[in-house]
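Worksheet: the structure to be examined is printed underneath.
The values are calculated or read from the model by the stated rules, or taken from the named source; none is laboratory data. Predicted model, so just to flag it, every value in this text is computed and none were measured. We place every Cβ from the backbone using ideal geometry, glycine too, and count neighbours over all the protein chains shown. SASA here: full protein model, heavy atoms, side chains in, ligands and nucleic acids out. Shrake-Rupley method; radii C 1.70, N 1.55, O 1.52, S 1.80 Å.
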Amino acid sequence: MRYHVPSERIGTFKEYMIRAIQRQIKMRTFWALNDVSLEVNRGEVFGLVGNNGAGKSTLLKVVARVLRPTKGRVVVWGRVAPLLELGAGFHPELTGKENIFLNSALLGFTHRETLEKYDQIVEFSELGDFINAPIRTYSSGMYARLGFSVATSSEPDVLIVDEILGVGDESFRQKCQTRIETFRQRGAAILLVSHDMPTIQKMCQRAAWLDHGVLKAIGEPERVIQIYRQGQE
Amino acid sequence: MQSTSVYDSANKVPHALQELREALGHRHLIFQLVRRDILTRYKRSFLGVAWTMLNPLGIMVVMSFVFSQIFSAVHSYPAFLLTGLVAWNFFSQSTTAAMYSLVWGGGLLQRIYIPRASFGISAIGSGLVNLLLAFVPLVIVMVATGVPIRITAVFMPVSLLFLVCFSLGLGLAISTLAIYFPDVAEMYQIILLAWMYLTPIIYPETAIPKQYQTVLHCNPMYYLIQLWRLPLYDGRWPAWSDIWPAAAIAFGMLVVGWFIFTSKSDEFAYRV
């Protein structure tokens, strides 16, 4: 899978006093991503590191089609499963089961397709009978497990993971890593954002360092992390 | 991989068309969203589904008590009132819901791609479910007060279609406005209130002096409500002169609203 990701403008801040009367317009243009050009290939886990506010989430959102690039071009081949925030579509009042169907629909599945995968999803999440309880009763770990399970049940061609692997206990983290690895071997492309350097080193074939919207380093994870750390001093 | 779908941001398809295609493609999602709205509304409420029916019924009882002496010429005022009220509630609730779901549902927009029109369409869908439920007390009242339900009632689906189109178009248009100007949401409630009084729902058209009746005729909802009440309450087949203004208004609003919405829908994720 190949894609090019370019510049983008975000956050023009406008204030209108009263519509018909006087307008006081304050405009600040802010480039969240500036001249970023990347290619991510099939069967590759690509890591993204950088400080908060560097533009990592923005980059992921542009790929996930949540945001449209102001300039430049994004091309994505295949089905995308974004994990930008666990339980994005979850509604607290609904049960785990109902939320599975809702979330699958958000990811673009029909009811029947979800039915076929249902048992598998519940099994991976290890929620057992809790699946029939409203998710406002869940712990954050259970939330994470359900979210990850639904998103990855789809066997996506592109998986986008934004800093969520931190939640959940050791055994779950292990399961996630195994699943990501399985996808990778099957030819999917995975974009991984994390603040946990060991995870990046362990899981990624290539990585990049994004700082204030600019691509500062790209290549082997170890080297990129080194450059990133040096940049912090 | 099985799927060969490609996303290319440089692909320049006209927005209105693309949104339509996407919305159709995501119809399973829209169904789930409607289901979510219905389920969450009733999960924690004691009376549950009954409340959808009790609400218009309650209003009708109060209004009838107050007005039926004034409008004694109307054959079965409660039925007259309720017929109009049921349609009005659908319109006002679904357009308001369309607006609020887009403005407050922003979190979802920022996490995953879903066609923006999903919010509006699912709001209309939920409104439809409530409307169908409201038919139960309506029919009961009509029967109880001796208003015959004639064969002309089979025309209702057409009237409903026009109502749905108009509501969707308006809902999409005001949603767009509300994203940019949040106070639109408040203003709309007040506008709705005035609008209802400008539509002959509580009062029959005949109660208004002739010279002011033209004001009523400038109100688009006038035609839609008339077309709604004629086959159901009056038991008449609507004439062509009743039908074409309603059709024009309904489809016109839908097209206009759709275009306004889709021309701006790319920017929503930034604004919410």
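What are the DSSP H helices in chain B that stretch 27 Å or more along their long axis, judged by alpha-carbon atoms, and whose average Kyte-Doolittle hydropathy comes to at least 0.0?
B:49-67, B:77-104, B:117-144, B:156-180, B:240-264
Mind giving me the nanometre distance, one decimal, between the label points for B:PHE65 and A:GLU222, set 7 Å out from Cα along Cα→Cβ?
Computed distance between label sites B:PHE65 and A:GLU222 equals 8.3 nm.
Quick check on region A:113-233: of the DSSP beta bridges with both residues there, what percent are antiparallel, nearest 5%?
50 percent
What's the average, rounded to a whole number, of partner chain beta-carbon atoms within 10 Å of each residue's beta-carbon in B:110-120?
Mean inter-chain Cβ contacts per residue within 10 Å come to 5.
Excluding ligands, DNA and RNA, what is the solvent-accessible area per residue of region A:85-162 at a probe of 1.4 Å, expressed in Å²?
Value for region A:85-162: 38 Å² per residue.
Could you state how much accessible area is buried at the A-B interface, both sides summed, with a 1.4 Å probe, in Å² to the nearest 100?
Buried: approximately 3800 Å² between B and A.
Of the heavy-atom accessible surface of the protein assembly as shown (probe 1.4 angstrom), what whole percent is carbon and sulfur?
59 percent
How large is the accessible surface per residue of chain B, computed with a 1.4 Å probe and reported in Å² as a whole number?
Solvent-accessible surface per residue comes out at 47 Å².
Excluding A:SER149 itself, what net charge comes from residues whose Cβ is under 11 Å from its Cβ, given Lys and Arg +1 and Asp and Glu -1?
In short, +2.
Highest mean first, what order results for A:110-116, B:119-125 on Cβ atoms within 10 Å?
Result, highest mean Cβ count within 10 Å first: B:119-125, A:110-116.
Restricting to bridges with both residues inside the protein assembly as shown, how much of the DSSP beta-bridge set is antiparallel, in percent to the nearest 5?
Counting DSSP beta bridges with both partners in the protein assembly as shown, the antiparallel share is about 40 percent.
Could you work out how much longer the chain between A:ARG173 and A:LYS97 gets when fully extended? Use 0.36 nm per residue separation minus the Cα distance between them, nm to one decimal.
The span from A:ARG173 to A:LYS97 would gain 25.1 nm if fully extended.
Taking the Cα centre of the protein assembly as shown as origin and charging only Cβ (+1 Lys, Arg; -1 Asp, Glu), how large is the dipole, in debye to the nearest 20?
Magnitude of the dipole: close to 680 debye.
Work out, step by step, the length gained on full extension between B:ASP183 and B:ASP234: first 0.36 nm times the residue separation, then minus their alpha carbon distance; give nm to one decimal.
Answer, rounded to one decimal: 14.4 nm.
Please compute the modelled spin-label separation between B:VAL154 and B:VAL256, points set 7 Å along Cα→Cβ, answer in nm with one decimal.
Taking the two extended label points, one gets 3.5 nm.
What spacing in nm lies between the two simple spin-label points modelled at A:ARG186 and B:ASP8, each 7 Å away from Cα in the Cβ direction?
Each label point is offset 7 Å from its Cα along the Cβ direction, giving 2.7 nm.
For the peptides B:159-167, B:231-239, what is the packing order when you average, over each peptide's residues, the other Cβ atoms within 10 Å and list the highest mean first?
B:159-167, B:231-239
My understanding is that a pair violates if its Cα-Cα distance is over 21 Å; which of A:LYS56/A:LYS216; A:LYS61/A:LYS117; A:LYS117/B:LYS43; A:LYS56/B:LYS264; A:LYS71/B:LYS264; A:LYS56/A:LYS175 do that in this structure?
A:LYS61/A:LYS117; A:LYS117/B:LYS43; A:LYS56/B:LYS264; A:LYS56/A:LYS175
Please compute the length gained on full extension between B:ASP266 and B:ALA144, using 0.36 nm multiplied by the number of residues separating them and subtracting their Cα-Cα distance.
38.8 nm
Roughly how crowded by other chains is peptide A:60-70, in terms of the mean Cβ count from those chains within 10 Å of each of its Cβ atoms?
Shielding by partners across A:60-70 averages 4.
Of B:TYR222, B:TYR197, B:TYR77, which is the most mobile in a GNM of chain B whose springs link Cα atoms less than 10 angstrom apart?
Of B:TYR222, B:TYR197, B:TYR77, the most mobile in the Gaussian network model is B:TYR197.
For chain B, modelled as a GNM with alpha-carbon contacts under 10 angstrom, which of B:MET60, B:MET142, B:MET187 fluctuates the most?
Looking only at B:MET60, B:MET142, B:MET187, the biggest GNM fluctuation is shown by B:MET187.
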